[in-house]
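Here is the structure we will look at.
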Amino acid sequence: MKSRYLFAIILCLTPAAAQQKSTADDVVVKAMRDELSRSMKKLQMENLEKPYFISYSVVDSNSAYVWANFGSVMGKPSEQRWRSARIQVRVGDYQFDNRNFYTNSGGSGLVSFRGGWVTLPVDDQYDEIRRQLWLATDSVYKKAVQDISRKRAVLANKNRTDVVPDFSKEEPVTLSDVRPAVAINIPEMENEVRQLSAVFKRYPQISTSLVSLRINNEYSRSLNSEGTFTTSRLPEVQLFISSGSQATDGQPLSAGVAWRGRALGNLPPVPEIVKRIELLCNQVGELRAAPLPEHYAGPILFEGQAAAEVLWDRFLPHILAIPEILADGPQNESRVPRDDQNLVDKIGLRVLPEFLTLADDPTIDMLGSIRLFGMQKFDNEGVPSRRIQVVENGILKNLLTSRAPVRGFPRSTGSFHTGGITPSNVIMTSSKSLPLDELRAELLRRAKLRGREYGVIVRKVDFGNRSGDDGGLPPGSMAVLLAYKRFPDGHEELMRNAIINGIGFGSFKDILAVSDTPIVWTAFYSPRSFSPSETAGSTLASLAIPALLFEDATVQKPTGTVKKPPILEHPYFTKK
């Protein structure tokens, strides 16, 4: 496992220029430029609009994924390499075009049903790359002229109170953000996950476990008819570890940890990883012995990772400005994303306490001595990144936007990544904060006012939980992995399978207090795509969030049915 760091050191000593050929000699770029130029000049069906905008994005991906259970590598780990292109064709003009519209009919060729994505040869063969771009562009163009016709037909029967352009005008730029690729060595990756997963052999209380290591290198070239040209490579590394069991009543129990970054050197040393695995196993053992929660209504303190997780899930999605998407028919209308909080109308209103400020800053990669991983110089639409003050002294000032404008936001904030709008480095600051011990004391004071003998502290949330066999959690509920009763004498009691209700977007306005020290947490953010026919990916985002004390929420037991535990014990620990 030490070789992981050797590979990282060797890679850092390799000049970045040697890892990727210059764009002047890039066959792919030449094919992109030549076919885009020809299409802008000559692509037009008789008596129909010609394109006013075309963009090509070609992504070369080199990735590997390995995973192990209980000391054994599972499946057949392999390194994968592929090349794909996304073609966007707009007809009409910036004010009104074929985009921001969803229909599941029409189109020509497979590419029309994949959001404009097409597979390209991995060989640098100019003629074949250009042929594929030609066919894909033709397909996307034909669907574009069909869509704009259908869009006009839909609008003929509607009155629009707010009319905003379909596409923003942005200055053309030439930018590059090409970082060193992460070395992929399948045998070394297998050895690492095998050894780490073998730690679970010391813990009979664990019935399921997983250790996985994923490396993804994507080199992207993007070009559009406005003159923007960008190249980027932002490697992604993730080491994910999970462990699980069941309580005697069948309720699922789990604990997990993930490290994410841009290089293998961002992962902690192996001895530290082993200690975290041991901690996870002990947590699951403690959860098996812990009681189910009693009904509780009152203040709840989200500490550490849980503070970032609750903001991630319940607040961040609502500051991403989704444009109005028209659809041809009630069934299609039900499938397009909507701004259910209507935050455009909340600009200038208070959404956080007056002592809190929230910014999204993709221009930095360090917060003090702590590394952030949401830094990006520009987005997938070629718009330069910049710091956005989202909330200032509690007042909502801005939303994160793409080149699809919304009312009041005619320009992009450079926040469009992997098929949707995403946060980058989200930083919450406070003009009034408390040391963590004092914040816990405030929790208990507030709980006492409600007639409670204890307060509730949450240290890890599980938004992936599907509790029970009969449909999962009630709407608006969230499952909690680590929740504790805290008593006035300072001792804490662990609860298992707690379900929390009453924390939504509006709850953040009534946060009572925060701690004076933030925790930095990094995860992959998967945005909502603007259209059901397009699939969004994910991108790294880091949050720096203090502990958050909410005034009102409820805690309850899980409902529904669960599977019974295995009849026999784990065979490894009972073998003769």
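Derivation of every value follows stated rules applied to the coordinates shown; laboratory data play no part. Remember, it's a predicted structure, so these values are computed and weren't measured experimentally. Here the Cβ positions follow ideal geometry from the backbone for every residue, glycine too, while neighbour counts run over all protein chains shown.
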Scalar couplings 3J(HN,Hα) for the stretch 344-355 by Karplus 6.51 cos²θ - 1.76 cosθ + 1.60 (θ = phi - 60°), nearest whole Hz, x for Gly and Pro, are 4, 6, 9, 4, x, 9, 7, 10, 9, x, 4, 8
Taking Cα atoms, the helix 27-42 axis meets the longest principal axis of the chain at an angle in degrees (rounded to 10) of 50 degrees
With the 8 Å Cα cutoff and a minimum separation of six or more residues, the stretch 3-287 has a relative contact order in percent of 23 percent
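Which of Ser61, Ser334, Ser507 has the fewest other C-beta atoms within 10 Å, and how do the rest follow up to the most? List each step's numbers first, then the result.
On the way: Ser61 15, Ser334 10, Ser507 18.
Going from least to most buried by this count: Ser334, Ser61, Ser507.
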Sparse-neighbourhood loop hits (GluC sites (Glu not before Pro), the stretch 246-326; DSSP loop; Cβ within 10 Å at most 14 others) -> Glu294
With the charge dipole of the stretch 410-457 built from beta-carbon charges (+1 for Lys and Arg, -1 for Asp and Glu) about the Cα centre, the Cα from Ala447, Val426, Leu436 projecting farthest to the positive end belongs to Ala447
About its Cα centre, the chain carries a charge dipole, from +1 on Lys and Arg Cβ atoms and -1 on Asp and Glu Cβ atoms, whose size in debye to the nearest 20 is 580 debye
Of 486-493, 41-48, 393-400, ordering from highest average Cβ density within 10 Å down gives 393-400, 486-493, 41-48
Farthest towards the positive end of the dipole of the chain, among Ser78, Gly244, Tyr141 and with Cβ unit charges of +1 on Lys and Arg and -1 on Asp and Glu, lies the Cα of Ser78
Of the candidate values (1) -0.59, -0.73, -1.01; (2) -0.72, -0.85, -1.06; (3) -0.63, -0.80, -1.16, the one computed for log10 I(q)/I(0) by the Debye sum over Cα atoms at q = 0.08, 0.09, 0.11 Å⁻¹ from this structure is (3)
Among Met45, Ser209, Asn98, the residue whose Cα sits farthest towards the positive end of the charge dipole of the stretch 3-287, when +1 is placed on the Cβ of each Lys and Arg and -1 on the Cβ of each Asp and Glu, is Met45
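Could you tell me which of rounded, prolate or oblate describes the stretch 185-302, using a ≥ b ≥ c as the square roots of the eigenvalues of the alpha-carbon gyration tensor, with rounded for a/c under 1.5 and, failing that, prolate when a/b is larger than b/c and oblate otherwise?
Numbers: a/c = 3.19, a/b = 1.68, b/c = 1.90.
Since a/c reaches 1.5 but b/c is at least a/b, the shape of the stretch 185-302 is classed as oblate.
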If one compares the long axis through the Cα atoms of helix 436-449 with the longest principal axis of the Cα atoms of the chain, the angle in degrees, nearest 10, works out at 70 degrees
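Return the calculated 222 nm mean residue ellipticity for the chain, to the nearest 500 deg cm²/dmol, obtained by summing -39500 (n - 2.57) across DSSP H runs with n ≥ 4 and dividing by the residue count. Walk me through the numbers on the way to the answer.
On the way: 9 runs with 120 residues, N = 576.
Computed ellipticity for the chain at 222 nm equals -6500 deg cm²/dmol.
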For the chain, longest principal axis from Cα atoms; helix 126-155 axis from its Cα atoms; angle between them, nearest 10 degrees, is 80 degrees
Note on the stretch 3-287, DSSP bridge orientation, antiparallel percent to nearest 5 equals 90 percent
Ranked from fewest to most other Cβ atoms within 10 Å of their own Cβ, Ser209, Ser431 fall in the order Ser431, Ser209
